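The values are calculated or read from the model by the stated rules, or taken from the named source; none is laboratory data. Nothing here was measured: the structure is a model prediction, and the numbers come from that model. Heads up, the Cβs are rebuilt from the backbone with ideal geometry, glycines too, and the neighbour counts pull from every protein chain shown.
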There are 2 protein chains.
Amino acid sequence: MSVLIAGSVALDDLKTPFGEKKNILGGSAVHASVSASFFTPVDLVGVVGKDFPKEHIDFLESRRIGLDGLKITDGKTFHWDGYYEFDMNEAHTIKTDLNVLADFDPVLNDRQKNSDFVFLANLTPGTQLNIISQLKKPKLIMADTMNFWIEHSRQQLIEVVKKTDIMLLNESEARQLMGTPNLITAAKELIKLGAKCVIIKKGEHGALLFTKTLHFSAPSFPQENLTDPTGAGDSFAGGVIGYLAKSDDLSDLNIKRAVIIGSVMASFNVEDFSLDRLRRLSEREITERYEMIRKYSIFDCLP
Amino acid sequence: MSVLIAGSVALDDLKTPFGEKKNILGGSAVHASVSASFFTPVDLVGVVGKDFPKEHIDFLESRRIGLDGLKITDGKTFHWDGYYEFDMNEAHTIKTDLNVLADFDPVLNDRQKNSDFVFLANLTPGTQLNIISQLKKPKLIMADTMNFWIEHSRQQLIEVVKKTDIMLLNESEARQLMGTPNLITAAKELIKLGAKCVIIKKGEHGALLFTKTLHFSAPSFPQENLTDPTGAGDSFAGGVIGYLAKSDDLSDLNIKRAVIIGSVMASFNVEDFSLDRLRRLSEREITERYEMIRKYSIFDCLP
């Protein structure tokens, strides 16, 4: 099944306790697409400036990522400059230059309009709605967001939630959007609004998955080797959508597998800067880590 | 198998978004003992003042909790005055009056010295070491602590860790004690110090269990009905030690069950003020909730 992933393509400057990097490949659509590409071919929808290095284009193409939807336009590529301190749970932004992303108005071609599985990574809710309106027969739409849109475009974001099969948020976004400190309550409210499924990303604590009838508490991989958390949530999302598209199975059982695959992909992504760990990742490592997470979380009935 | 639980017995004033209570029964030894009493008889070691109400004594005795070790002395009972705000993850202390707890110097009787399973709830590390030195043939010692002792009695606390089978800490305590933001690294360091097993309590995110060879990521019950978080960690601990003593089985498989039982007991404890939810809790509710947590966390192999 075909996968469309729309979001930012970025050149980042960042600093973690493990090093400092300038102008490295990043962006939500890139992290999600490369992660999904381990499971299925991907169409990426995004925009870059003329400064975007040819080597990154070559790398994305080498991962079976279709770039018909990557517009190269006059101007500079979206740029994020930030750092992580000792505990690395929080990203600190020094500067965000939207550059060419400011006028991003994606127009899908016929193939893209007919995509089955769609992931709308963090974009303005207006852009997300624009893309949704162009889709002909989506089988599954998953959408992400961020605190900025909750504060500034809440009504449009609620429209996205209504049209979304899987709404993806992190803990603080879920609390903020639904105005409750309780994650379970927040998820239930999002489902009342119209999302068929809600996934709350909890970073090192795993993820929670909710539908009207299903509750799943997904553990994470116990990661000791955390080098750069940038893109963890997007590689999680890429794993989820890629695995669902590959298996074309939306049963409860399989959605739970997809969430664990998401955790696996995120756990690899954070082990090195940019996409560097995924560049050298093998399918065997993915299945092995899935089994490790399973082993770490098994417990049996009371006797 | 006999269980000894030593810690504070308190009369608390507290306020949560769901109400305000004055002079209610609390304290680490009380929450842990009542929780453990669902599984096994308990000996409580603690101290109260002459102001401690007879009705609380009657309640503890009704739960098969032996009170030979509860010293009633001149002075006032330990008193905590605090509150929780909207998100309830953090307790705010208005005032702590140690009162009779300031001079607590427990002397065990012969039966207590021969206890098999021992839980040293939050006390000064010096008092914990004093109790350990009186034990004749303990099968399992579990110890808790708090940030205050990490800051002020780190060396003595390290001695406790060395003599402990299960070291129990919350996330921030584990990070603070081992000087690392990474929980996995912190647990491994604690095991290097000498703890046979480390349990890191993560509140709504469950718990992590480590031994030299075992890693277990335990989910929590998805709690919507959070009324008063006071005593959650102690009722967790009471469930763990009570279940282990009842089953007298320290296999990896059974320690994992005990951690889930701990989560079950904590999840009930927070549903009402003081011990009120546990006063009306049935064994059937405990086993049902255990199965719910299991159901919520099951996922299968990749096909």
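Of the residues A:100, A:160, A:118, A:107, which is in contact (Cβ under 8 Å) with a residue 40 or more places away in the chain and not in a helix (DSSP H, G or I)? Quick ask: steps written out before the conclusion?
On the way: A:100 fails: not in a helix (DSSP H, G or I); A:160 fails: not in a helix (DSSP H, G or I); A:107 fails: in contact (Cβ under 8 Å) with a residue 40 or more places away in the chain.
Sole residue among the options that is in contact (Cβ under 8 Å) with a residue 40 or more places away in the chain and not in a helix (DSSP H, G or I): A:118.
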ask   = Which of (1) away from chain A (no Cβ under 11 Å); (2) in contact with a helix residue (DSSP H, G or I) (Cβ under 9 Å, 6 or more places away or on another chain) is the odd one out, the single condition residue B:257 does not satisfy?
value = (1)
ask   = Residues A:75, A:82, A:66: which one is in contact with a strand residue (DSSP E or B) (Cβ under 8 Å, 6 or more places away or on another chain) and buried (at least 18 other Cβ atoms within 10 Å of the Cβ)?
value = A:66
query = Any residue at all in the stretch A:251-262 that is more than 23 Å from residue B:296 (Cα to Cα) and not aliphatic (A, V, I, L, M)?
reply = no
key: Selection within the stretch A:263-293 - closer than 19 Å to residue A:64 by Cα and under 13 Å from the mean Cα position of the chain (by Cα)   = A:265, A:269
ask   = Looking at (1) over 18 Å from residue B:275 (Cα atoms); (2) at pLDDT 95 or above; (3) among the small types (Gly, Ala, Ser), can you tell me which one residue B:2 breaks?
value = (2)
message = Is it the case, given these coordinates, that residue B:101 is within 26 Å of residue B:262 (Cβ to Cβ) and touching a Phe, Trp or Tyr at 6+ places or on another chain (Cβ under 8 Å)?
response = yes
ask   = Out of curiosity, is residue A:212 within 11 Å of another protein chain (Cβ to nearest Cβ) and either modelled with pLDDT under 95 or surrounded by fewer than 21 Cβ atoms within 10 Å (Cβ to Cβ) (or both)?
value = no
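Rundown of residues vs (1) touching a strand residue (DSSP E or B) at 6+ places or on another chain (Cβ under 9 Å); (2) of a type in the set (A, V, I, L, M); (3) farther than 25 Å from residue A:253 by Cα, yes/no style:
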| position | (1), (2), (3) |
| --- | --- |
| B:249 | no, no, yes |
| B:254 | no, no, yes |
| B:265 | no, yes, yes |
| B:272 | no, no, yes |
| B:277 | no, no, yes |
| B:291 | no, no, no |
| B:300 | no, no, no |
key: Qualifying position, being buried (at least 24 other Cβ atoms within 10 Å of the Cβ) and over 18 Å from residue A:220 (Cβ atoms), among B:233, B:194   = B:233
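For the stretch B:234-241, does any single residue satisfy the condition of being charged (D, E, K, R) and either free of Cβ contacts under 8 Å to residues at least 12 places away in the same chain or within 13 Å of another protein chain (Cβ to nearest Cβ) (or both)?
We begin by selecting, within the stretch B:234-241, every residue charged (D, E, K, R); these are B:234.
When the remaining residues are screened for being either free of Cβ contacts under 8 Å to residues at least 12 places away in the same chain or within 13 Å of another protein chain (Cβ to nearest Cβ) (or both), the result is none.
The answer is no, given that none of the residues of the stretch B:234-241 is charged (D, E, K, R) and either free of Cβ contacts under 8 Å to residues at least 12 places away in the same chain or within 13 Å of another protein chain (Cβ to nearest Cβ) (or both).
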query = Are there any pairs, at least 6 apart or on different chains, whose C-beta atoms fall under 8 Å, with the first in the stretch A:74-85 and closer than 8 Å to residue A:100 by Cβ and the second of a type in the set (Asp, Glu) and assigned to a loop (DSSP other than H, G, I, E, B), and if so, which?
reply = A:76/A:51; A:77/A:51
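Could you list all residues from the stretch B:271-286 that are farther than 16 Å from residue B:36 by Cα and either in contact with a helix residue (DSSP H, G or I) (Cβ under 8 Å, 6 or more places away or on another chain) or within 13 Å of chain A (Cβ to nearest Cβ) (or both)?
Going residue by residue through the stretch B:271-286, those that are farther than 16 Å from residue B:36 by Cα are B:271-273.
If the condition is that a residue be farther than 16 Å from residue B:36 by Cα and either in contact with a helix residue (DSSP H, G or I) (Cβ under 8 Å, 6 or more places away or on another chain) or within 13 Å of chain A (Cβ to nearest Cβ) (or both), then B:271 is the only one that fits.
Here's the yes/no breakdown for (1) farther than 20 Å from residue A:65 by Cα; (2) among the charged types (D, E, K, R); (3) buried (at least 22 other Cβ atoms within 10 Å of the Cβ); (4) under 19 Å from the mean Cα position of the chain (by Cα):
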| position | (1), (2), (3), (4) |
| --- | --- |
| A:90 | yes, yes, no, yes |
| A:97 | yes, yes, no, no |
| A:113 | no, yes, no, no |
| A:116 | no, yes, no, yes |
| A:126 | yes, no, no, yes |
| A:135 | no, no, no, no |
request  = Just name the residue that is farthest from residue B:228 (Cα to Cα) out of those in the stretch B:1-55 that are basic (Lys, Arg) and in a strand (DSSP E or B).
outcome  = B:22
Candidate set from the stretch A:287-303 (those that are facing another protein chain (nearest Cβ under 7 Å) and either touching a Pro at 6+ places or on another chain (Cβ under 7 Å) or hydroxyl-bearing (Ser, Thr, Tyr) (or both)); member that is surrounded by the fewest Cβ atoms within 10 Å (Cβ to Cβ) = A:287
request  = Check B:174, B:218, B:186, B:207 and return the single one that is surrounded by 23 or more Cβ atoms within 10 Å (Cβ to Cβ), of a type in the set (Gly, Ala, Ser) and more than 12 Å from chain A (Cβ to nearest Cβ).
outcome  = B:174
